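Worksheet: one structure, shown below.
The values are calculated or read from the model by the stated rules, or taken from the named source; none is laboratory data. Fair warning: this is a prediction, and the values are worked out from it, not measured in the lab. Glycine gets a Cβ as well: all are built from the backbone with ideal geometry, and neighbour counts include every protein chain shown.
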Amino acid sequence: MKDSTKNKKKYKVRIVSHGKTISAKKGDLLADKIQNAGINLCVYCNKKGLCGKCLVKIVKGYLPSPNKMEKRLLGKKRLNENYRLACQYRIQGSLRIEVPPEAIFQETPVLTAGIKSPVSVDPAVKKYYLKIEKPRPTNPRSYLELIQRYLGGEHIDFPHNIAKITPEIFKKAKSKVTAVVYKDHELLDVEPFDTSNENYGVALDVGTSTVVVELIDLNSGNTIDNLSTANSQVKYGWDVISRIGFAVSKSENLQKLRKTILEDVNQLIEKILASHQIHPHSVYEIVMAGNTVMNHLLLGIPVDSLAGSPYNSVFSVLPSMYSREIGFNINKNGKVYIVPNIKSFIGGDVSAGLMASNFINKKGCYLFIDLGTNGEIVLKHKNKITATSTAAGPAFEGMNMSCGMLAHSGAVYGAEYDKGIKVFTLNHKPPVGICGTGFIDLISIFLDREFINTRGTIKGKSKKLSVADNLHVTQNDIREMQLAIAAIKTGIQMMLEENHLSPENLDGIYLGGAFGNYINVKNTIKIGLLPPIDKQKVSILGNSSLAGAKGLMLSQSSRKKTEYSIKKIRYFSLASNPDFQQNFLNSLYFGKRGRIKNMSGKKT
């Protein structure tokens, strides 16, 4: 049988607004051809004619009579100006068209520091205002069948409680309702009248020490606000290892940890919504990024397999869950997406950071480092991606230190020496403690002024160094920082060595994690936490975990790409490597004393 498409006449479609000409055949969908031309046309409703966002102006050529959806969505003015919906337009001949700016997918940045990383706003949760005809005696369609028909006629799933509330909503709103749809195939809610502008999501970063929520307008992609708090699980252990130990010691402890973190998150959500007078019912999705242990604990999933070799997680990728299953105080049918873990202790916070920085697509040799209680390191060299994790401990978060604190108001986040130590505090408040970045600057100063040697030993009789009034750094504080620095330093060195690379081969380093926000790159290199590299090649990303959670909430395609990409990452175990112990001991020295081998096997 002959292919009839071969005989179809080809037409030219001139896209005047973008200076492009493409070929098309009779019956081709205009939206498809515009997208094929590389134009990011907004097909928010997946080309069902529901959103009215893919409008184009027919400058010359076939102008069909507007259909019902176009009349409802575009209005008389647009229709009279020859605008039509590209997803409803079938090509009949040659055309000249204009694609206005508002028909292009809106982009929003997910990272505000380090590098530009925008995503097209195409969230999984969308709302459509529908004016539905009432059921007729001659054709008594069910309420949900009518909604399904208006949403494009395809099969749509819905939770049981939707069937219970729909009759009353139709009656109250006189068949004028808003449908809340997830991924084009699941009805999450039916609301009376037009609530399409009230569409919110929460990006959630659950760290070992801190929890951060970010309230997002899913229609625009804009961040409304964010809030943070200390992770209350610290009372059960400072780091992930101690919390694993607590979780496995008694059967009821796992639920204690889960309840604790759930309360933290719900309190933040309640507070941020109240401050903006947004009802929890209008929040339809949470995207959570956390390290492997944190996302297991939040879900109440046993962490026994992470307590010993081979340190494997229970899950990597999970299907979306209902918020009521987990206990989040948002819309009962709201969805929860857990950013996928990579392997072992390399969790969703790293996956989110790689997405936010577009790390997977970088050309060259790059390191991604998330500095925190559990340090994660990812190396990309050509088409090969390797990842490892190392237990840095809580020193970078200011924990286990005599004067340490989280990055809160009054924390010393930086320091310099000018006839004495000058400190910089958050919110310019009087110094009350020192956070991780402050310790890095201070250690750099102590080394420069020879207050300590490269072994980290304080010189002289005193075993503490004055920083400000009633604020001192003790010998034990320096030892804690040494251990944390050595853990990261060892991981970087062994990753490079494993791939026959040296620091000179690096095209760049990306620093993720909130810890990196105020870091002094020069001092970080000086004390040996980062390898010797031009500081211009170091990009500070800020809270890349939270940024990635936001990006994955706003971009469905980014979710698919992330889930696919992490499967290609190779895991490199530090602890099982016979050279680990010696590398770690070498790395305890500040500065360049910790050494690695380059490709020739010589010390660098």
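Residue count for the stretch 26-52 satisfying the condition of being within 14 Å of LEU95 (Cα to Cα), in contact (Cβ under 8 Å) with a residue 60 or more places away in the chain and in contact with a strand residue (DSSP E or B) (Cβ under 6 Å, 6 or more places away or on another chain): 2.
With respect to the stated conditions, ASN499 fails to be out of contact with any Ser or Thr (no Cβ under 8 Å at 6 or more places or on another chain), within 30 Å of LYS363 (Cβ to Cβ), polar (S, T, N, Q) and in contact (Cβ under 8 Å) with a residue 60 or more places away in the chain. Criterion first (over 24 Å from LEU501 (Cβ atoms), in contact (Cβ under 8 Å) with a residue 60 or more places away in the chain and in a strand (DSSP E or B)) does TYR413 satisfy it? Answer is yes for this residue.
Every residue, every condition in (1) of a type outside the set (Gly, Ala, Ser); (2) modelled with pLDDT of 95 or more, yes or no:
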site: VAL314; (1), (2): yes, yes
site: PHE328; (1), (2): yes, yes
site: GLY375; (1), (2): no, no
site: LYS384; (1), (2): yes, no
site: ALA387; (1), (2): no, yes
site: GLY410; (1), (2): no, no
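When you check THR260 against the structure, is it among the polar types (S, T, N, Q), modelled with pLDDT under 95, touching a Lys or Arg at 6+ places or on another chain (Cβ under 9 Å) and crowded, with 16+ Cβ neighbours inside 10 Å, yes or no? So THR260 does not fit the description; no. Of the residues making up the stretch 114-167, those that are part of a helix (DSSP H, G or I), surrounded by 18 or more Cβ atoms within 10 Å (Cβ to Cβ) and of a type outside the set (Ser, Thr, Tyr) are LEU146, ILE147, GLN148, ILE162.
The residues listed here are PHE368, PHE396; of these, the one that is buried (at least 24 other Cβ atoms within 10 Å of the Cβ), modelled with pLDDT of 95 or more and of a type in the set (Phe, Trp, Tyr) is PHE368. Counting only helices (runs of 4 or more DSSP H) that sit completely within the stretch 451-562, those holding 1 or more residues that are closer than 19 Å to ALA392 by Cα and either at pLDDT 95 or above or over 28 Å from the mean Cα position of the chain (by Cα) (or both) correspond to 475-498, 521-526.
Of all the numbered requirements in (1) free of Cβ contacts under 8 Å to residues at least 24 places away in the same chain; (2) of a type in the set (D, E, K, R); (3) closer than 26 Å to ARG559 by Cα, LYS127 misses one, and that requirement is (1).
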